[in-house]
Amino acid sequence: MDIPIEDLSFEAALRELEAIVGRLESGDEPLEGAIALYERGDRLRLRCKERLDAAQTRIEAIRTDAEGRAAGTQPFAAG
């Protein structure tokens, strides 16, 4: 039985997503099975994105003053 997606770590969700992509790319899945795999894969993709977004908000860059001492933090700016 599939583990609920909300219980998966980022790494576990990514591994399962990669396995699903491999199965879909093989072309061996019957249509109904492929649809179910695609739907789970899409939910896994969203879970991974949520986990990455949450991690990004936690990353902070340390600001330093003119003498190189830590002066505070600022939110991470991806780009």
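Things worth noting here:
- Only residues that are farther than 14 Å from Ile5 by Cβ and either of a type in the set (S, T, N, Q) or under 17 Å from the mean Cα position of the chain (by Cα) (or both) were counted in segment 39-60, giving 8.
- Among the residues making up segment 13-38, those that are of a type in the set (Gly, Ala, Ser) and within 20 Å of Ile3 (Cβ to Cβ) are Ala13, Ala19, Gly22, Gly33, Ala36.
- Scanning segment 32-49 for residues that are open to solvent by 60 Å² or more (accessible area, probe 1.4 Å) and either modelled with pLDDT under 95 or among the basic types (Lys, Arg) (or both) yields Arg43, Arg45, Lys49.
- Every listed requirement among (1) out of contact with any helix residue (DSSP H, G or I) (no Cβ under 9 Å at 6 or more places or on another chain); (2) at pLDDT 65 or above; (3) open to solvent by 100 Å² or more (accessible area, probe 1.4 Å); (4) not polar (S, T, N, Q) is met by Gly68 save one, (3).
- When residues in segment 4-31 are screened for being farther than 15 Å from Asp42 by Cα and either surrounded by 10 or more Cβ atoms within 10 Å (Cβ to Cβ) or touching a Ser or Thr at 6+ places or on another chain (Cβ under 6 Å) (or both), 3 of them pass.
The values are calculated or read from the model by the stated rules, or taken from the named source; none is laboratory data. Just so we're clear, the structure is a prediction, and the values are computed from it rather than from any experiment. Here the Cβ is made from the backbone with ideal geometry for all residues, glycine too, and neighbour counts use every protein chain on show. With ligands, DNA and RNA removed, areas are computed over all heavy atoms of the protein, side chains included. Shrake-Rupley method; radii C 1.70, N 1.55, O 1.52, S 1.80 Å.
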